[in-house]
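Readers should treat all values here as calculations from the given coordinates under stated rules, not as data from a laboratory. Just so we're clear, the structure is a prediction, and the values are computed from it rather than from any experiment. Glycine also receives a Cβ, built like all others from the backbone with ideal geometry; neighbour counts cover every protein chain displayed.
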Amino acid sequence: MYNPKIIIDLIADNVRKTRNPFGIPKSMLNRWWRDTPVRPEGDTLLFTGLMYQFTPYIEKTTHYLERYEDTKLADYMGYSKYIPKFIAGTGLALMTSGKEKKNADSVLRNIVNILAKSNVEFFYKPELDDYSGILLYDLGDQEGFVRHAKFVAAKLKRAGVRKLITVDPHTTYALKVLFPKYTGESFDVKTYFELVSFKSENGGSRVTLHDPCFYGRYLEMSDVPRKVLANLGIECVEVINSEHATNCCGGPAESVSPKLSKEVLDRRVEELQSTGEPIIALCPICLGNLKKSGAQVEDLSTLIARSM
Amino acid sequence: MTLINPEFAEELERFGVSTALDCFNCGTCTAICPLIYEHFPRKMIRYIQVGARELLLENDNELWRCLHCGLCTYTCPREADPGELILGLKRFVVANWRRS
């Protein structure tokens, strides 16, 4: 296990100075929209919270964390805060696989196509799309989270944005529950799959949903993706621990203890694979973590887009 | 000799830890927790109840093994919200680090 103080200080410092936990310049991190036809102005903002964009970097970072956990080198991690953010963030961005970046971007492009097919009017403005700060909240850096969340909420307010479409459970929870409580700003928040309005008979397949903790328990919306899939002719084969009783994939522990994360992951994957069906994830953290196990897994948006 | 310190639970209230004394230590949270062999989170909640401030701080790294998955809160028969208690303890420890 890594010393949590070192990890928290590093992430908090990155968020304070660069507005994201990896210190990667936003111009390198958020590029998916460049070749995608999205309106730049409108009433409802697609707010990705940058979580899918982080997934290739999470994979790269945890690869090194796994290698040095419980070794003498682990204690030297604290010194990385003395490396200028631009150099550290750019270095990480350059070390990360282009293929993985494209895979992460394709999830967001699929979501844009799904919204368009559902006749949802929305716009995207990368300047307004920020990280929610949720990791600081989960790690207990309340002061850092509130400071960052207030910055994000104030920016949206200044731009006159009140309606948001989200794409992952962590950002959705932050905006729906935490922002009103800690920033005083409330937004009308919907996830993209709540807005799917089309039906199709193209599906004809069976899948097993891995409910993320935040959609399953904290936001109690596990029924929504199941209805979407039923409307596409896709059958969900359930495991015992699903919906409210879903089991964690272990992803949240990967920054502090990759070993623990893997233990929890292995148990969950065994359970999910017991159905013999491909696994569907609804969260970038779960998706990245489940992929590590070698299981057959894809994002809900990929499945919906393929079934359109 | 160990003394019980009820003021510790009060000190923690400003970090969002307000339901620790509702817990009757049944262990349901520990049974359901993905960290199956750690007596977690019951042990941490017990530290709050008896006011074992120093003992908690000596073992504070354990708090970050919590996945914040919410299974303990979902199953707690006393609605003591163990998941939120652990999150509140993290806030307390982080604030303590920053002060020192």
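Let me have the relative contact order for chain A, percent, based on Cα pairs under 8 Å that are six or more residues apart.
On the way: 492 pairs, mean separation 63.3, N = 308.
Averaging sequence separation for qualifying contacts and normalising by length gives 21 percent for chain A.
Relative contact order, whole percent, for chain B stands at 36, derived from Cα pairs under 8 Å and 6 or more residues apart. Look at the stretch A:207-213: the mean tally of other chain Cβ atoms within 10 Å of its residues' Cβ atoms is 1. For the segment A:135-141, counting C-beta atoms of other chains within 10 Å of every residue's C-beta and taking the mean gives 6. Remark: chain A projects, on average over all directions, an area of 14.7 nm² (convex hull of Cα atoms). Relative to the 2.2 N^0.38 Å rule of thumb, the stretch A:20-64 has a C-alpha radius of gyration ratio of 1.38.
Taking every alpha-carbon pair under 8 Å whose residues sit at least 6 apart, the stretch A:206-308 reaches a relative contact order of 31 percent. When every Cα-Cα distance of the stretch A:88-245 is counted in 10 angstrom steps from zero, the calculated P(r) takes the values 9, 30, 36, 21, 4 percent. State whether the stretch A:132-193 is rounded, prolate or oblate according to the following rule on the C-alpha gyration tensor (a ≥ b ≥ c being the square roots of its eigenvalues): a/c under 1.5 gives rounded; otherwise a/b larger than b/c gives prolate, and the remaining case gives oblate. Oblate, since a/c reaches 1.5 and b/c is not below a/b.
When chain B is treated as a GNM with alpha-carbon contacts under 10 Å, the residue of B:E58, B:E11, B:E38 showing the greatest mean-square fluctuation is B:E58. Is the shape of the stretch B:7-99 rounded, prolate or oblate, going by the alpha carbon gyration tensor and its root eigenvalues a ≥ b ≥ c, with a/c under 1.5 for rounded and a/b larger than b/c for prolate? Since a/c reaches 1.5 and a/b is larger than b/c, the shape of the stretch B:7-99 is classed as prolate. In terms of packing, defined here as the mean over residues of other Cβ atoms within 10 angstrom, the peptides B:79-92, A:231-244 line up highest first as B:79-92, A:231-244. Is the shape of the stretch A:173-263 rounded, prolate or oblate, going by the alpha carbon gyration tensor and its root eigenvalues a ≥ b ≥ c, with a/c under 1.5 for rounded and a/b larger than b/c for prolate? Oblate, since a/c reaches 1.5 and b/c is not below a/b. For the stretch B:1-85, chymotrypsin sites (Phe, Trp or Tyr not before Pro) are listed when DSSP marks them as loop and at most 16 other Cβ atoms sit within 10 Å of their Cβ; the list is B:F24, B:Y37. Partner shielding of B:73-82 amounts to 1, given as the average count of beta-carbon atoms from other chains within 10 Å of each residue beta-carbon. Charge dipole of the protein assembly as shown (Cα centre as origin; +1 on each Lys and Arg Cβ, -1 on each Asp and Glu Cβ, all else neutral): 1320 debye, rounded to the nearest 20. Taking only the Cα atoms of the stretch B:13-62, the radius of gyration and Dmax are 11.0, 30 Å. Peptides A:3-9, A:114-120 ranked from most to least packed, by the mean per-residue count of other Cβ atoms within 10 Å: A:3-9, A:114-120. Only helical runs count toward this figure. For the protein assembly as shown, summing -39,500 (n - 2.57) over DSSP H runs of n ≥ 4 and dividing by all residues gives -14000 deg cm²/dmol at 222 nm.
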